[in-house]
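Asks: Here it is: the structure, laid out below.
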Amino acid sequence: MNYDVIIIGAGPGGIFAAYELMQLKPSLKVAVFEAGNELSKRRCPIDGEKIKSCIGCKSCSIMSGFGGAGAFSDGKYNITNDFGGTLYEYIGKKQALDLMYYIDDINLRYGGEGTKLYTTAGSRFKTTCIQHDLHLLDASVRHLGTDINYIVLENLYAYLKEKVGFFFNTPVRTVALEDDGYRVICDNGEFTCKDCIISVGRSGSKWMENVCKALDITTNSNRVDIGVRVELPAEVFAHITDELYESKIMYRTEKYGDRVRTFCMNPKGAVVTENTNGIITVNGHSYEDPAKQTNNTNFALLVAKHFSEPFKDSNGYGESIARLSNMLGGGVIVQRFGDLIRGQRSNHKRIEEAFITPTLNATPGDLSLVLPKRILDGIIEMLYALDKVAPGTANDDTLLYGVEVKFYNMEVEVDENLETKHKGLYIIGDGSGITHSLSHASASGVYVARNIAR
Ligand SMILES: Cc1cc2nc3c(=O)[nH]c(=O)nc-3n(C[C@H](O)[C@H](O)[C@H](O)COP(=O)(O)OP(=O)(O)OC[C@H]3O[C@@H](n4cnc5c(N)ncnc54)[C@H](O)[C@@H]3O)c2cc1C
């Protein structure tokens with residue numbers, strides 16, 4: 001029941017913290033508490049036939065369990081300080097990048113060998129973008145793919161389970177301060193530790209908020225990104241995705257000066273639904289295995305919305321918009337770009353007649369009834385801007401799925417060690433609001449592990 005270190009959450013942040021602790025100090029007694037299942041038991045019951053929509057499992061297999069939210073993701077590890085989080089503000093740009101390369105090396109050794117590392121360095125596409133008022137962000141991206149990402153996680157688990165105590169299906173209810181450490185309280189018992197690393201990700205955001213309130217840790221929240229997922233024939237973006245795989249392109253709208261950006265690009269991928277606390281939104285992924293690839297490429301177009309005083313519930317705002325699409329479409333809505341521009345809803349006939357086959361079975365509808373005008377105007381402007389560097393983007397048949405929402409956890413007050421005002425209590429990964437990606441979350445885990453080992 002007594003540990004040197006307790007890690008709460010077995011997503012990339014928690015996994016890499018455990019990994020690094022075992023590398024540096026194998027004598028430490030470490031336990032990992034995870035609300036979800038071990039990897040091999042993670043299965044979403046939606047099969048598209050008997051079970052078509054979310055049945056609200058006690059713990060969502062897509063978001064929870066060994067591997068965290070990233071387990072069935074596209075496994076894109078972006079090595080950059082330009083996006084994916086603001087870890088560099090705490091630990092410095094060089095150290096943040098070094099840690100991301102360190103993670104990349106581990107991923108390669110644990111099953112990712114042979115996967116491709118793409119880079120924007122020296123790309124002529126950057127110049128083409130600037131000539132059209134678009135801005136390509138710098139990054140190297142390791143694309144593991146959903147299949148290889150899973151293998152890497154399997155191998156990491158095989159290594160860790162011999163050295164670390166794993167408690168699955170064990171959500172931590174409370175963390176309490178002790179004289180010389182922390183008491184971690186679960187339904188089946190209480191455990192103590194000297195150092196505690198909290199890495200509960202997006203799915204643990206509400207819980208994290210309560211812990212911060214109870215332990216008097218300051219938090220801040222004022223951002224949400226809202227938009228659509230765009231799907232088009234893979235050929236339209238092939239000249240970009242073949243060279244860069246994923247390109248993060250920023251645009252500032254002429255009308256309002258809002259920032260719109262591409263996000264999570266999936267060449268020859270599939271559009272999928274995502275369930276966050278019962279709200280259905282859209283996402284996308286792709287496989288490394290050519291046999292599982294499709295003829296389409298998808299990516300998100302997101303508009304960042306920052307709120308100022310007195311409004312504080314930015315995630316609630318995003319949820320309300322997503323709920324509206326769920327109310328009208330019973331889930332995700334799909335609309336042809338041509339229909340949106342002409343002010344008409346898409347219907348099954350128009351979708352079937354299009355020169356593209358949707359990879360997600362969504363409800364044809366009208367996104368202008370869901371998205372606020374300012375956000376929709378920004379998305380339309382960006383589609384026309386992208387059409388200049390990837391002709392065919394603003395085609396009538398381009399499919400727009402809505403809504404895609406990128407929720408941000410509230411930002412937790414930690415110091416340059418990612419330590420809270422309580423000595424030995426660290427908050428890392430997406431749950432801290434500091435990271436929003438696999439590579440940054442993983443890097444934050446290694447970083448605190450090194451500090452603890454020291
Ligand atoms: C469909 C999808 C695709 C994605 N694709 C990419 C991608 O290609 N590239 C990229 O960089 N990012 C991607 N992301 C984002 C990426 O998965 C996250 O940024 C990353 O997983 C964050 O890691 P984390 O360890 O901070 O949190 P998480 O991965 O969310 O892990 C947190 C873990 O903590 C557990 N937990 C929560 N509360 C408790 C509690 N009270 N007690 C015990 N355990 C708890 C959860 O069950 C979960 O397993 C994707 C996300 C999704 C959902």
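Asks: Determine whether ALA139 is modelled with pLDDT under 95, buried (at least 19 other Cβ atoms within 10 Å of the Cβ), more than 26 Å from TYR157 (Cα to Cα) and among the aliphatic types (A, V, I, L, M).
Replies: yes
Asks: So in the stretch 62-95, with the set limited to residues that are within 10 Å of the ligand (Cβ to nearest atom) and of a type in the set (Ser, Thr, Tyr), which one is surrounded by the fewest Cβ atoms within 10 Å (Cβ to Cβ)?
Replies: Only one residue tops the list, namely SER73.
Asks: Suppose we filter the stretch 374-392 for residues that are under 26 Å from the mean Cα position of the chain (by Cα) and surrounded by fewer than 16 Cβ atoms within 10 Å (Cβ to Cβ); how many remain?
Replies: 1
Asks: In the set GLY445, GLY424, which member is at positive phi and among the small types (Gly, Ala, Ser)?
Replies: That would be GLY424, the only listed residue that is at positive phi and among the small types (Gly, Ala, Ser).
Asks: Considering only residues that are under 18 Å from LEU156 (Cβ atoms) and either away from the ligand (no atom under 16 Å from the Cβ) or in a helix (DSSP H, G or I) (or both), which ones fall in the stretch 38-51?
Replies: LEU39, SER40, LYS41
Asks: Let me ask something additional. Determine if the stretch 189-200 includes at least one residue that is surrounded by fewer than 23 Cβ atoms within 10 Å (Cβ to Cβ), away from the ligand (no atom under 12 Å from the Cβ) and assigned to a loop (DSSP other than H, G, I, E, B).
Replies: No: the stretch 189-200 contains no residue that is surrounded by fewer than 23 Cβ atoms within 10 Å (Cβ to Cβ), away from the ligand (no atom under 12 Å from the Cβ) and assigned to a loop (DSSP other than H, G, I, E, B).
Asks: Here are some conditions: (1) free of Cβ contacts under 8 Å to residues at least 12 places away in the same chain; (2) under 23 Å from THR276 (Cα atoms). LYS94 meets all but one. Which one does it not meet?
Replies: Of the numbered conditions (1) free of Cβ contacts under 8 Å to residues at least 12 places away in the same chain; (2) under 23 Å from THR276 (Cα atoms), the odd one out for LYS94 is (2).
Asks: Could we say that SER123 is more than 30 Å from ALA362 (Cβ to Cβ) and either assigned to a loop (DSSP other than H, G, I, E, B) or among the hydroxyl-bearing types (Ser, Thr, Tyr) (or both) here?
Replies: Yes, satisfied.
Asks: Those residues that are under 27 Å from PHE355 (Cβ atoms), among the basic types (Lys, Arg) and in a loop (DSSP other than H, G, I, E, B), I need them from the stretch 254-296; list them, please.
Replies: Result: LYS268, single match.
Asks: Hey, could you check the stretch 202-238 for residues that are small (Gly, Ala, Ser), closer than 24 Å to PHE83 by Cα and modelled with pLDDT of 95 or more and say which is nearest to the ligand (Cβ to nearest atom)?
Replies: Across the stretch 202-238, the extreme among qualifying residues is GLY227.
Asks: Anything in the stretch 414-434 that is part of a loop (DSSP other than H, G, I, E, B), within 15 Å of the ligand (Cβ to nearest atom) and over 13 Å from ILE197 (Cβ atoms)? List them, or say none.
Replies: GLY433, ILE434
Asks: Still on this structure, please answer the following. So, of the residues in the stretch 124-177 that are aromatic (Phe, Trp, Tyr) and away from the ligand (no atom under 16 Å from the Cβ), which turns out to be nearest to ILE197 (Cα to Cα)?
Replies: TYR159
Asks: Can I ask one more? Among what's in the stretch 1-37 and is assigned to a helix (DSSP H, G or I) and among the aliphatic types (A, V, I, L, M), pick the residue that is surrounded by the fewest Cβ atoms within 10 Å (Cβ to Cβ).
Replies: Step by step, filter the stretch 1-37, then rank; the result is LEU24.
Asks: Can you tell which of VAL389, VAL448 is within 16 Å of the ligand (Cβ to nearest atom), β-branched (Val, Ile, Thr) and at pLDDT 95 or above?
Replies: Just one listed residue meets the conditions, VAL448.
Asks: Inside the stretch 328-349, can you point out the residues that are assigned to a helix (DSSP H, G or I) and modelled with pLDDT of 95 or more?
Replies: Matches in the stretch 328-349: PHE337, GLY338, ASP339, LEU340, ILE341, HIS348, LYS349.
Asks: Now, a different point. Within the stretch 435-451, is there a residue that is within 29 Å of LYS76 (Cα to Cα), touching a residue at least 12 places away in the same chain (Cβ under 8 Å) and in a loop (DSSP other than H, G, I, E, B)?
Replies: The answer is yes, given that some residue of the stretch 435-451 is within 29 Å of LYS76 (Cα to Cα), touching a residue at least 12 places away in the same chain (Cβ under 8 Å) and in a loop (DSSP other than H, G, I, E, B).
Asks: Here's another thing I want to ask about it. Is it true that ASN395 is closer than 16 Å to GLU89 by Cβ, touching a helix residue (DSSP H, G or I) at 6+ places or on another chain (Cβ under 7 Å), touching a residue at least 40 places away in the same chain (Cβ under 8 Å) and not hydrophobic (A, V, I, L, M, F, W, C)?
Replies: The answer is no for ASN395.
The values are calculated or read from the model by the stated rules, or taken from the named source; none is laboratory data. Keep in mind that what you see is a predicted model, and the values were worked out from it rather than measured. As a convention, Cβ positions derive from the backbone with ideal geometry for all residues, glycine included, and neighbour counts pool all protein chains shown.
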